[in-house]
Amino acid sequence: MLAPGGRMVPRPHRCLKIDRSKGTWMNQQRVLQGRCLCGAITVELRGAPGPMMFCHCAQCRRSSGAAALAVLPIAAHDFHLGDPEGVLRGYEASPGKSRHFCGRCGSPVYSRRDGDATVRVRAGLLDLPADIPRGGHIFCASAAPWDDARDDLPRHARYEPGRAHLDQERNEK
Ligand SMILES: [Zn+2]
Ligand SMILES: [Zn+2]
């Protein structure tokens with residue numbers, strides 16, 4: 001949207017405040033913003049993401065270098081990527097599923113399956129409040145043996161129940 005004089009006017013977006021009584025997102029006029037380590041890539045979430053999931057699979061572990069990867073699923077049409085220098089790279093770690101990262105600083109940015117309406121944003125890119133809705137831990141069966149930190153969230157050996165149908169195509173190594 002251009003204002004008189006050609007200035008960009010931010011579009012008002014539905015979004016994003018947490019309803020503390022219910023632990024869910026409410027609609028407000030703001031967006032969640034984040035960036036990679038070097039700042040070449042920015043992300044904007046203009047709708048309510050799903051609950052944060054912590055994935056302990058070997059792919060997330062290797063791609064991040066961390067014990068688990070914190071992921072925010074969000075509808076692809078609510079996910080907006082800024083990459084003015086064209087540094088984003090992708091790696092097809094599983095057939096039909098690519099992990100995208102900054103080609104300059106290496107920060108993981110998001111993953112997406114071909115044709116999937118959901119993008120899985122790496123939550124560490126964003127500054128998020130302490131009470132962000134969290135769903136649980138997945139691929140705990142693949143967790144590193146030293147990865148024994150515990151919280152009260154549900155833990156699943158592989159995918160969470162809503163994505164269990166993906167299990168057969170996943171060859172964990
Ligand atoms: Zn970067
Ligand atoms: Zn994973």
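Annotations
- Solvent-accessible surface of the stretch 116-173, averaged per residue with a 1.4 angstrom probe and all protein chains in place: 59 square angstrom.
- Net dipole in debye of the stretch 30-172 [+1 Lys, Arg Cβ; -1 Asp, Glu Cβ; about Cα centre; nearest 20]: 180 debye
- Antiparallel content of DSSP bridges confined to the stretch 30-172, in %, to 5: 85 percent
The values are calculated or read from the model by the stated rules, or taken from the named source; none is laboratory data. This structure is a prediction, so every number in the text was calculated from the model and none was measured. Note that each Cβ is placed from the backbone with ideal geometry, even for glycine, and that neighbours are counted across all protein chains shown. Remember, those area values only see protein heavy atoms, side chains included, never the ligands or the DNA or RNA. Shrake-Rupley method; radii C 1.70, N 1.55, O 1.52, S 1.80 Å.
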